[in-house]
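Structure, as structure tokens:
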């Protein structure tokens with residue numbers, strides 16, 4: 001009788017029933033036997049023998065083969081593995097016939113003959129198993145980072161997964177216009193390019209924010225000459241989020257992402273970033289609504305000029321023979337021509353493209369691009385412009401200068417032939433430059449904004465720099481120059497703390513010291529106290545907290561920065577990239593004795609709230625601006 005019970009289950013069942021079977025009567029034994037036969041599938045005689053046997057568990061015993069290599073062999077193998085600089089088992093197996101005689105010949109290793117024969121007879125797999133424990137102990141264990149839920153929902157697409165898609169499959173990326181330093185808020189360009197035709201769209205983002213990315217993508221989608229079918233993005237948080245996933249699902253758009261740190265997966269959009277965006281805007285820094293408005297106008301003209309009058313190559317096939325790669329391209333065509341030849345584009349859309357192409361003037365578009373580029377270059381250089389938008393172009397003068405424009409060299413005001421700046425370079429030189437220039441600008445702005453009855457503006461001194469001595473001699477820090485003056489204070493009052501000393505220094509030399517100098521001063525004061533105790537100076541117990549009857553705890557406390565917050569807002573408005581530390585240094589120099597380094601945390605909270613509100617204002621103003629430009633276009 002067939003049954004699905006395993007051998008172990010039959011043994012357990014008979015062991016559980018055999019005791020009751022032994023003490024049962026004849027009729028009860030018959031019932032138990034029938035049940036056992038029905039459940040286990042035993043023959044009647046086999047079931048009787050199993051129930052009458054002793055209840056001993058019959059378990060399968062696996063044969064344990066004795067190991068050929070004991071601990072002595074493994075210990076000698078570990079020594080040889082370390083002597084080979086921890087190579088893998090396959091390489092160590094090939095090295096052992098050479099390594100063992102070499103170590104014995106130089107007297108570094110003495111192995112018994114049986115152990116030596118076993119080591120030389122070991123296979124590569126056995127060597128790997130024997131070294132599993134020491135290798136795992138020496139291997140660096142990196143903590144695995146949990147993948148965000150939004151990233152898990154978006155599938156990965158590589159550069160080889162497109163397979164000649166029809167128009168509507170696009171790649172999307174952001175281009176940062178931060179200049180040489182990736183710091184503060186600046187304009188970003190959202191760029192999309194079509195894989196099949198090369199049709200390129202771009203729009204500025206006044207800040208990098210996921211909701212603004214979705215709204216800009218929706219505006220671009222409505223202006224495309226084809227239906228948006230698929231979007232491929234990188235792994236940035238501005239793209240990989242629930243907002244973009246929900247938008248793509250609701251509009252039937254396939255959303256994919258590239259592999260991390262693999263720029264070749266987005267080769268089409270990376271090419272357009274350099275050939276279109278960087279060619280138009282270069283590597284300057286653009287920030288604020290005025291720059292975003294001008295870039296919107298620039299992209300409005302360049303969209304028509306690039307897609308209708310800029311032919312591009314498209315790869316037809318590629319062959320690799322060893323290290324030589326041979327490529328063959330299709331004849332150059334504009335994105336508009338490729339869309340007119342595509343079979344998936346309806347005739348109505350092709351008719352509109354032909355109407356737009358027949359109505360365009362390429363020289364007028366090019367002059368518009370040059371005028372807006374000059375306007376953006378002036379904004380990036382900090383010039384004061386009379387109007388928010390460039391003047392209407394003089395087409396006759398532009399056409400007349402085409403024959404001799406090549407004599408002037410580069411005609412794009414925003415373009416630079418320099419290499420791409422390294423955004424991750426040290427910020428020390430930039431911070432020093434900003435600090436040197438900021439005091440005069442802030443003092444001038446404050447002098448205009450403050451009433452005549454307020455305190456006169458004091459000139460803020462520059463941040464102290466490192467003073468270099470002759471070559472080969474040490475560098476003198478800012479505290480080194482004033483240390484003899486600092487030592488006089490502890491001599492008269494040994495229990496003074498480092499914080500109190502630093503606050504007195506800031507009052508005596510406003511704007512010269514940075515809050516981070518407190519730690520360096522504390523180390524110097526600690527060494528001074530050790531020397532003072534050795535000289536016999538009595539230093540009592542340091543009291544870092546004044547004892548009072550008030551309960552411990554933070555409590556409401558006084559509202560800091562309330563009186564001077566309007567002036568600090570003027571500083572932030574004039575220089576939005578000003579950090580909280582720099583702002584505190586400026587306000588300490590302007591009002592000595594009012595603020596100390598302990599107020600930095602409160603100031604950081606206020607500045608964070610101000611930045612969030614400023615970003616929201618920029619987003620709302622950008623939405624209104626793009627809406628107005630879309631209506632007028």
Checklist line | Length gained when the stretch residue 352-residue 313 is fully extended (0.36 nm per residue, less Cα-Cα span) | finding: 11.6 nm
Check: Based only on Cα atoms, what Rg/Rh ratio does the stretch 114-221 have, Rh being taken as Kirkwood's radius?
Finding: 1.32
Check: Taking the convex hull of the alpha carbon atoms in the stretch 152-380, what volume per residue do you get, in Å³?
Finding: 144
Next item on the list: Can you figure out the FRET efficiency of residue 147 with residue 395, using R₀ = 45 Å and their beta-carbon distance, to the nearest 0.05?
Entry: 0.25
Item checked: residue 481-residue 612 FRET efficiency (beta carbon distance; Förster radius 45 Å; 0.05 resolution) -> 0.65
Check: Taking a point 7 angstrom from the Cα of residue 535 along the C-beta vector, which residues in the stretch 478-510 have backbone N less than 16 Å away?
Finding: 483-496
Next item on the list: Give me the number: length gained by fully extending residue 124 to residue 95, i.e. 0.36 nm times residue separation minus the C-alpha to C-alpha distance, one decimal in nm.
Entry: 9.4 nm
Next item on the list: Quickly rank 569-577, 26-34 as a protection proxy: mean count of other C-beta atoms within 10 Å, highest first.
Entry: 569-577, 26-34
Check: Between residue 7 and residue 38, what FRET efficiency comes out of the Förster formula 1/(1 + (r/R0)^6) with R0 = 22 Å and r the beta carbon distance, rounded to 0.05?
Finding: 0.80
Note to self: Restricting to Cα pairs below 8 Å that are 6+ residues apart, what does the relative contact order work out to for the stretch 71-138? Please round to a whole percent.
What the structure shows: 46
Note to self: Pairwise over distinct Cα atoms, reciprocal of the mean inverse distance: report the Kirkwood radius of the stretch 7-52 in Å, one decimal place.
What the structure shows: 10.3
Next item on the list: Using packing as a proxy for protection, rank 200-212, 398-410 so that the peptide with the highest average count of other Cβ atoms within 10 Å comes first.
Entry: 200-212, 398-410
Notebook entry, point to check: Kirkwood Rh over Cα pairs of the stretch 71-138 into Stokes-Einstein at 10 °C, 1.306 mPa s: D in µm²/s?
Noted result: 133
Check: Measuring from label point to label point, each 7 Å out along Cα→Cβ, what is the residue 224 to residue 410 span in nm?
Finding: 3.3
Next item on the list: Using only the alpha-carbon atoms of the stretch 214-317, report the extent along each of the three principal axes, biggest first, to the nearest angstrom.
Entry: 42, 32, 31
Notebook entry, point to check: How high is the relative contact order of the stretch 230-284, given as a whole-number percent (alpha carbon pairs under 8 Å, six or more residues apart)?
Noted result: 37
Next item on the list: Rank-order 514-527, 359-372 by packing density, defined as the average count of other C-beta atoms within 10 Å over each peptide's residues, highest first.
Entry: 359-372, 514-527
Checklist line | Rough spin-label spacing in nm, given labels placed 7 Å along Cα→Cβ, for residue 158 and residue 70 | finding: 5.2
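Bear in mind these aren't lab numbers, they're just calculated from the coordinates by the rules spelled out. Bear in mind that the values here come from a model prediction, so they are computed numbers and not experimental data. Positions of Cβ are generated from backbone atoms using ideal geometry, with glycine treated the same way; all protein chains shown enter the neighbour counts.
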